[in-house]
Amino acid sequence: MQFCLLYCTFKTIRFCNTNFWGSVYPTHFAVPHLRKTNGKIIVNSSLGALLGAPGGCVYNASKAALISFYESLRFEVSPTVTITILMLGFIQTDFITAKYTHLKKDLRDVVPTMEVEPCAKVVVDGIRKGATYITEPRIFKTNVLLKLLFPQVHHFFYSCFSSLVENYKSSL
């Protein structure tokens, strides 16, 4: 039990150092310059921060912390600095293939995915227009609404998803 807790703590620290502090530290040093130049901050979060997913609790928590931090920072730096939070789902890269995941199938065969170039175009266009949030693939906006309005249906959907994971176990 003690080893499990130590491993969980180490894993959590590693994810938070990369996903949270890896964004917050540079932002701290960039804000004075961004205020002088009416700059933009682009935050690379994840839909997992809002939707959660089996086996991703530590990763999702680190991305949720990003959203919370930058939503709060938005009040402190606006209107001089704008902040766009990206909440991307599954983009068609090697990362979502069965070779790189613990899944029995490639994710692109199971859930909606988006090709890299169209996603990049949507992101750049959204930033140019001053979007505060960009969610891609767009179908996942429905999932966020579904979770808020019908949490039991959301839970059922993700319970079915966990059956695709080989030897599924908690990410803790």
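What follows is calculated from the coordinates using simple rules that are stated; it is not laboratory data. Please read these numbers as outputs of a predicted model, since none were measured by experiment. When we count neighbours, we look across all protein chains shown, and the Cβ atoms used for this are built from the backbone with ideal geometry, even at glycine.
Most tightly packed first, judged by the mean number of other beta-carbon atoms within 10 Å of their residues, the peptides 57-65, 34-42 read 57-65, 34-42. Pairs with C-alpha atoms separated by more than 19 Å, drawn from the list Lys63/Lys141; Lys40/Lys129; Lys36/Lys129, are Lys36/Lys129.
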